[in-house]
Amino acid sequence: MILSQYIREFNYNLRLASPVILGMLGHTFVSFIDNVMVGQLGTAELAAVSLGNSFMFIAMSIGIGFSTAITPLVAEADAANNFDEGKSSFKHGLFLCTVLGVLLFLSVFLARPLLYFMKQPVEVVELAIPYLNLVAFSLIPLIVFQAFKQFSDGLSMTRYPMYATLLANIINVILNYVLIFGKFGCPQLGIVGAAYGTLIARFVMVAHLWWLLTQKEKSKAFVTNIKFFVLNNVMTRKLINLGAPSAMQMFFEVAIFTAAIWLSGLLGKNPQAANQIALNLSSMTFMVAMGLSVASMIRVGNQKGLHAYFELRRIAFSIFLLATILAICFGTLFFIFHEDLPKLYVDFDDVANFNDNMEVISIASKLMIAAAFFQISDSIQVVVLGALRGLQDVKIPTIITFISYWVVGFPISYFFGKEDSFGSFGIWLGLLAGLTTAAILLFLRFNYLTKRLILSNSNAQ
């Protein structure tokens, strides 16, 4: 009977989360296609994309994390039918995300020389620099898109960012194929071609989502006639107070995965390429949990606006349960096919790189076993974090994520990730430890807060 109270929410949760999941999976699938295409060029090129994207992941985590502040504010305003508050939240969020996108682009662009001081393979660094030049600029349209996406999610209009993402992904795949390999008379640009594809696709993504939102009655008034530079200090501070800790939460998690890329680079180009394969495969299943995290944030934000705290807790727990079930399924698939999945990324007909490719597959297959186990921890921590953002509780979770990933996880990765220890597998043991710690502590935080809210509401009545 108690279990049925949670299971009956599965259908609505999936309908709300599915467009987000499909959009994110589509985006990650393009990354998968990028890696498969680039992997045909050689392991050095694959490692170069991994190294270049490691800088991008850090910048993206800050921008995307900050933008999540928009969703719970818009969701709460939507539940309370407060148009002015909703539009103010979106407008200020859009302004701040635009400024942040420019700052992140400049930060990554100016940080490129650091690649030479990170003890990475020289051939990998020389390939990564021109790639990074272009993808750094794509941060601006990406973070602006996130502002529109988080606003759309806050109105429970989760389909439209999916449509924009899927269109951009189709364009990205076509441009990658044409420009990486020099098809249809175009120059063969290698991994720089992949960067051009990403840049163009992200500008298309922003324009298409804005156009879609102007066509819908519910959202048209929000995204038109925006007085971009007429700002309210109170709302600006509110978004910064919510967005800055959220950005740091995502930064702490993404940064430890980025550190795993760098630690893998210290082991050589083949371990770094293997790490990229395992990371890319894991990120595809993580997008499902991310979609449920958005659903968690929206629904918790709605219930908070209605002051329905008992329902809030029940709905959140139903999402936690659904995420756990799906994570077990994905983990099982990773474990069963841990030797087969990495083979998708290399060219067995490439005689010159055959030995390198075989080493990459051997290392990646072991990493997939670690990835199989942390599916559950990763899913739980991200959906609970979404629920906490829906409650607009961000400061304590920021401390929790820092402790989990950098006090617990990173030291384990660093100690066991050395060549004379467990190597690449040791790095991923640290990731597993950090994610598991985060999942436990964040759940305890959510459990405490919701019980306190229910008790306070009961006493008030």
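Return the carbon/sulfur percentage of the accessible area of the chain, one whole number, probe 1.4 Å, all protein chains in place. Carbon with sulfur: 68 percent of the solvent-accessible area. Taking the Cα atoms of the range 91-167, the ratio Rg/Rh between the radius of gyration and the Kirkwood radius comes to 1.13.
Dividing the alpha-carbon radius of gyration of the chain by the rule-of-thumb value 2.2 N^0.38 Å gives 0.96. Dipole orientation for the range 46-132: of the candidates 88, 72, 130, 130 has the Cα lying most toward the positive pole (charges on Cβ; Lys, Arg +1; Asp, Glu -1).
Simple point charges give the picture: +1 on the Cβ of Lys and Arg, -1 on the Cβ of Asp and Glu, and for the chain a dipole about the Cα centre of about 1760 debye.
Eigen-decomposition of the gyration tensor built on the alpha-carbon atoms of the range 73-205 gives equivalent ellipsoid semi-axes of 35, 20, 10 angstrom, largest listed first. Go through the range 148-237 and name the chymotrypsin sites (Phe, Trp or Tyr not before Pro) that are in a DSSP coil and have 11 or fewer other Cβ atoms within 10 Å of their Cβ. Here the chymotrypsin sites (Phe, Trp or Tyr not before Pro) that fit, given the DSSP loop and packing criteria, are 184, 228, 229. Here is the tail figure for the range 230-271: Cα pairs spaced more than 11 Å apart come to 70 percent of all pairs. Each pair of Cα atoms in the range 129-199 enters the Kirkwood radius, and Stokes-Einstein at 4 °C and 1.567 mPa s then converts it into a translational diffusion coefficient of 98 µm²/s.
Let me know the whole percent of all Cα-Cα pairs from the range 307-419 that are separated by more than 25 Å. It would help to have the intermediate numbers written out before the result.
On the way: 2869 of 6328 pairs.
Above the 25 Å cut-off, the range 307-419 has 45 percent of its Cα pairs.
Here the range 141-300 is assigned +1 on the Cβ of each Lys and Arg and -1 on the Cβ of each Asp and Glu. Its dipole about the Cα centre then comes out at about 380 debye. Our helix-only sum for the chain, with -39,500 (n - 2.57) per DSSP H run of n ≥ 4 divided by its residues, gives a mean residue ellipticity at 222 nm of -28500 deg cm²/dmol. Length gained on full extension, residue 458 to residue 183: 92.3 nm, using 0.36 nm per residue less the C-alpha separation. When every alpha-carbon pair in the range 52-140 is counted, what percent end up more than 18 Å apart? I get 53 percent for the Cα pairs in the range 52-140 exceeding 18 Å. Rolling a 1.4 Å probe across the protein heavy atoms gives the chain an accessible surface of 40 Å² per residue. Given a 1.4 Å probe and the protein chains all in place, what does the accessible area of residue 237 round to, in Å² to the nearest 10? Near enough 140 Å² of accessible area. Relative protection proxy for 238-249, 282-293, 122-133, from highest mean packing down: 282-293, 238-249, 122-133 (other beta-carbon atoms within 10 angstrom). Cross-link reach is defined here as a Cα-Cα straight distance under 20 Å, omitting same-chain residues fewer than 8 places apart; for residue 343 the lysines meeting it are 269, 366. Computed on the Cα atoms alone, the convex hull of the range 1-127 gives a volume of 162 cubic angstrom per residue. If only the Cβ of Lys and Arg carry +1 and only the Cβ of Asp and Glu carry -1, the dipole of the range 116-203 around its Cα centre is close to 180 debye. With viscosity 1.002 mPa s and temperature 20 °C, the Kirkwood radius over alpha carbon pairs of the range 331-393 converts through Stokes-Einstein to a diffusion coefficient of 156 µm²/s. Return, ordered by residue number, the residues of the range 296-325 whose backbone nitrogen is under 18 Å from a label point located 7 Å along Cα→Cβ of residue 14. Those under the cut-off are 296, 315-325.
If the cut-off is a Cα-Cα distance under 15 Å, which aspartates and glutamates reach residue 218, setting aside same-chain residues fewer than 8 apart in sequence? Within reach: 78, 84, 85, 153.
Sorting 93-105, 417-429 by their mean Cβ neighbour count within 10 Å, with the most densely packed peptide first, gives 93-105, 417-429. Mean projected area of the Cα convex hull of the range 240-393, taken over all directions, amounts to 10.1 nm². Taken along its three principal axes, the alpha carbon spread of the range 207-296 comes to 53, 30, 25 Å, from the longest extent down to the shortest. Could you work out the pair-distance distribution P(r) of the range 252-340 from its alpha-carbon pairs, with 5 angstrom bin width and percents rounded to whole numbers? Percent of pairs per bin, in order: 3, 12, 16, 16, 15, 13, 9, 7, 5, 3, 1. With a simple spin-label model that places each label point 7 Å from the Cα along the Cα-to-Cβ direction, the separation between residue 415 and residue 355 comes to 3.5 nm.
The values are calculated or read from the model by the stated rules, or taken from the named source; none is laboratory data. Owing to the predicted nature of the structure, the values given are computational and were not obtained by experimental measurement. Cβ sites come from the backbone with ideal geometry, for glycine too, and all protein chains shown count toward neighbours. Heads up: the accessible areas ignore ligands, DNA and RNA and are worked out on the full protein's heavy atoms, side chains in. Shrake-Rupley method; radii C 1.70, N 1.55, O 1.52, S 1.80 Å.
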